[in-house]
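Okay, so here's the structure we're looking at.
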Amino acid sequence: MVPALKAYYITTPLYYVNAKPHLGHAYTNVLCDTFARFQKFLGHEVFFLTGTDEHGEKIERAARAAGTEPRAYVEAIVPHFKELWAKLGVQYDFFIRTTDAQHARIVQRVLRELVQKGDIYSAAYEGWYCTPCESFWTTLQLLEGACPDCRREVKHLAEENYFFKLSKYQGWLISHINTHPDVIVPASRRAEVLSFLERPLEDLCITRPRERLSWGIPFPISEKFVVYVWFDALLNYVTAVRFGEDEAFFRRHWPADVHVVGKDILRQHAVYWPIMLHAMGVEPPKTLIAHGWWTIEGAKVSKSRGNVVDPLALADIYGVDAFRYFLLREVQVGQDGSYSEQLVAQRFEEDLANDLGNLVSRTLAMIERYEGGRYPGYSGAGGSATLAPLLAGLRQALERAMASFDPRAALVAIWELVHGANREIDRVKPWELARKGEEAKLELSQFLGLLGEVLRLVGAALASFLPNASQLILSQLGVSGTPVVADLSERHALAKGRPLTKPAALFPKEAAGERAREARGEK
Ligand code: MSP
């Protein structure tokens, strides 16, 4: 039997449903969507997972504050996430909710097996508890009496609980990370995890007494407890691909190729999760990407700081593609990004409306005027020493950038071509060639053919990043269907004589103009 091909499996974190999604959440999902689309562009089967983390104290408290039950509360919040993903063109394959029956069933089975294996034990716990982080700390771990992660107040607790033997597998994890350099990226985060692992790991408390918290998956060993929200949530990455229930489906997806998370949840993903999998006898994921935070005036964008930015509103003003472009172009994956609407407006006006938008509209307008709206054919980029290497190298530049999870570098490569073409137009001055009449007719046609080829490549190359602009550019060239990597070759150049459509503005400035001026403080 021929073994089934493995799909490229990429995941986002599961978002807490204690509030509506904000800019930080939009970033993670746009990033994952871009990686997923790029793999499809390369011709791979993709399974892209996102979803919501619905249990735990955070959610129970938020529900109570809203005067409702947790179940009713999460039902009301989940649609906001789905609406945002639809709006931003985030094409996931499965949306998991930790309240799904399949998820709870598999989590309970895993727990029973780990108890049988002797990796879970019960013990008395006395120490400090941070409610927002849902984490236990020893007195030594506290920072000036506060939670070492979020610096907020902790409370003293003494209770019986169940613990997972993280410490038993610490040696294995260290050697796994040491022998797999790409298991955590960027390298600075890998170093951070290795340094965290220099100290002995504490076993992980994986239950919460029901009398203190009832909103969780029932702990299958004792009805006095529910499962700790992180132990429940991390397992989503395998429950979504039917671990232990559908072997063929699981094998087709696992191990995950990429988990994308923010740097604040690195330890859970780089330490707890691979150890949980190892204890379960399951291979660890291939790569964990930890991205940075979006900040406003130095502070992390977050619900608790009250400085949230509504991604839906931004996408409405500037358009979905401009919003995606800003997120992907402004920071390198792994670095923090500083958000301001002025920066979004600037990217919109300069890179999108001026550079890309003008290139498309003036090229199509010249083909309309000088060639009667018919594509003059592509005879190679030989005549243009600047454009020839950019056209020939685009595929490799994209593949190289995306292999190192760097969509920013991919966009920079595409824009080199856009800038190069704009500069060539200014140098060649097709309008002067047109004035010369018959004598320059061939030169003019060849140059417009070259520009058309640039647009075709830019349109195809943008597919994973700015899907709408990509479609609009290609449809104006009369090209239909979803582009694939093979399109980035002159073998697929458009046929001479093909009718092109009338230019339509890609990034209409009027809609965003007023807001942009406001953001610059001009009004
Ligand atoms: N529920 C957990 C994750 C469980 S995964 C099995 C959680 N949820 S969260 O809603 O608080 O955060 C989800 C993701 O959003 C995290 O990766 C986090 O880093 C990201 N962001 C939240 N605020 C952010 C910014 N201001 N900037 C960038 N991303 C940030 O943690």
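Here, each number is a calculation from the coordinates, and none is a lab measurement. This structure is a prediction, so every number in the text was calculated from the model and none was measured. Cβ coordinates were reconstructed from backbone atoms using ideal geometry, including for glycine residues, and neighbour counts include every protein chain displayed.
If you add up the charges near Val484, with Lys and Arg at +1 and Asp and Glu at -1, over every other residue whose beta carbon is less than 15 angstrom from its beta carbon, what do you get? Don't skip to the end; give the middle numbers.
Working: positive: Arg37, Lys40, Arg395, Arg456, Arg491; negative: Glu45, Glu399, Asp487.
Charge balance near Val484 sits at +2.
Quick one: net charge of Ile275's neighbours, Cβ under 10 Å, K/R +1, D/E -1? Can you show the working numbers first?
Numbers: positive: Lys165, Lys168; negative: Asp119.
My count for the surroundings of Ile275 gives +1.
Holding the Cα-Cα limit at 26 Å, pick out from Lys20/Lys300; Lys82/Lys155; Lys224/Lys286; Lys263/Lys286 the pairs that are longer than that. Result: Lys82/Lys155; Lys224/Lys286 exceed 26 Å.
So between Ala299 and Glu69, what do we pick up on full extension, going 0.36 nm a residue minus the alpha carbon distance?
Working: separation 230, 0.36 × 230 = 82.80 nm, distance 3.20 nm.
That works out to 79.6 nm of additional length.
In plain terms, if you count all Cα to Cα distances in the range 227-376 and split them into 5 Å steps from zero, the share in each step is 2, 7, 12, 13, 11, 11, 11, 10, 8, 6, 4, 3, 1, 0, 0 percent. A Förster radius of 56 Å, combined with the Cβ-Cβ distance separating Glu432 from Asp182, puts the computed FRET efficiency at roughly 0.60. Seen against the Cα atoms of the chain and their longest principal axis, helix 358-371 is set at about 30 degrees.
Based on the Kirkwood approach, the hydrodynamic radius assigned to the chain is 25.4 Å, with every pair of different Cα atoms included.
Can you give the direction-averaged projected area of the convex hull of the alpha-carbon atoms in the range 394-523, in nm²?
Values: hull surface 42.2 nm².
So the Cα hull casts an average projection of 10.6 nm².
In the calculated pair distance distribution of the range 257-344, what percentage of Cα-Cα distances lie above 14 Å? Every Cα pair in the range 257-344 considered, those over 14 Å come to 71 percent. A Förster distance of 41 Å, applied to the separation of the beta-carbon atoms of Arg61 and Arg112, puts the FRET efficiency at 0.90. Which of the GluC sites (Glu not before Pro) found in the range 429-489 are loop residues per DSSP with 12 or fewer other Cβ atoms within 10 Å of their Cβ? Sites meeting the loop and neighbour criteria: none at all. Which angle from 0 to 90°, rounded to the nearest 10, does the C-alpha axis of helix 441-461 make with the longest principal axis of the chain? Once rounded, one gets 10 degrees. Helix 187-196 and the long axis of the chain differ in direction by around 10°, with both axes built from C-alpha atoms. According to the calculation over all Cα-Cα pairs in the range 166-220, the P(r) per 5 Å bin from zero is 4, 16, 20, 14, 12, 10, 14, 9, 1 %.
The mean sequence distance of close C-alpha pairs (under 8 Å, at least 6 residues apart), as a share of the length of the chain, puts its relative contact order at 16 percent.
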